[in-house]
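What follows is a set of notes on a single structure, which appears directly below.
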Amino acid sequence: MQFGRYYEEFEVGAVYRHWPGKTVTEYDDHLFCLLTMNHHPLHMDAHYAESASQFKRNVVVGNYIYSLLLGMSVPDVSGKAIANLEIESLRHVAPTFHGDTIYGETTVLDKRESASKPDRGVVAVETRGYNQDGTMVCVFRRKVMVPKKEYAAAAVPDGVDPERPSFPEPR
């Protein structure tokens, strides 16, 4: 199974559907909020959300959904990345709730060779996240620096497959 892509393997217009989806639990949302010190009651206090929000229930913190989609895209997009260069835009377009399942897909928008280093290129992509009903909940654009295949192969010692690292023999 391939993990990430080399520069030559990206085609403008290609769409990668990320699998599997992830059902967001209350635990996931609360843990992310606690880890990132986002203690807003809309995310953590069911009574507050029911009585003081338009949704009448907790809303999953948006940056968790963004992080989830970014992670989902790694095997298809940035698994071979040299660097994530920038997040160009990020929009949370609909709320996500506990129990929603998130699915993602990424479209290749553009690619260009590096002007300063011939062994790499920059790929621009847009990732969209949808809930189980097909409602888009999040969309973001980013640029990723990835190696070119010929240079990556030349940098690998003989007989070593970077896709399948070797492990010591069991004792």
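What follows is calculated from the coordinates using simple rules that are stated; it is not laboratory data. Just so it is clear, the model here is predicted, and its values are computed rather than measured. Because the Cβ atoms are built from the backbone with ideal geometry, glycine has one as well, and the counts that use them run over all protein chains shown.
How big is the stretch 1-128 on each of its three principal axes, counting only the C-alpha atoms and giving the largest first in Å?
Largest to smallest, the principal-axis extents are 57, 27, 22 Å.
About the Cα centre of the stretch 42-92, how large is the charge dipole given +1 on each Lys and Arg Cβ and -1 on each Asp and Glu Cβ? Please answer in debye to the nearest 20.
The calculated dipole for the stretch 42-92 is roughly 100 debye.
For helix 62-73, report the angle its Cα long axis makes with the longest principal axis of the Cα atoms of the chain; keep it between 0 and 90° and round to the nearest 10°.
Result, in degrees: 30.
With r as the distance between the Cβ atoms of residue 50 and residue 85 and R0 = 45 Å, compute the FRET efficiency 1/(1 + (r/R0)^6) and round to 0.05.
0.60
From the square roots a ≥ b ≥ c of the eigenvalues of the alpha-carbon gyration tensor of the stretch 36-75, which class results: rounded (a/c under 1.5), prolate (a/b over b/c), or oblate?
prolate
Aspartates and glutamates near residue 80 by alpha-carbon distance under 15 Å, same-chain residues fewer than 8 away left out - which ones?
Here the aspartates and glutamates satisfying the reach criterion relative to residue 80 are 8, 9, 119, 150, 161, 163.
Nearest 10 degrees is fine. How inclined is helix 26-35 to the longest principal axis of the chain, computing both from alpha carbons?
70
Express the relative contact order of the stretch 20-67 as a whole percentage, based on alpha carbon pairs under 8 Å and six or more residues apart in sequence.
29
What number in nm² do you get for the stretch 1-73 if you take the convex hull of its Cα atoms and divide its surface by four?
The number I arrive at for the stretch 1-73 is 7.0 nm².
When only Cα pairs under 8 Å and 6 or more residues apart are kept, what is the percent relative contact order across the chain?
28
Would you work out which of 106, 125, 61 lies farthest towards the positive end of the dipole of the chain, given +1 charges on the beta-carbon of Lys and Arg and -1 on that of Asp and Glu, about the Cα centre?
Checking the options against the dipole of the chain, the answer is 125.
Tell me, how many Å apart are the Cα centres for the stretch 1-54 and for the stretch 94-156?
Each part's Cα centre sits 15 Å from the other's.
Would you mind checking the pairs 111/148; 22/111; 111/143; 117/148; 111/149 and listing those with alpha carbons more than 21 angstrom apart?
Table pairs above 21 Å Cα-Cα are 22/111.
Using +1 on the beta carbon of Lys and Arg, -1 on that of Asp and Glu, and nothing else charged, what's the dipole of the chain about the Cα centre, debye to 20?
260
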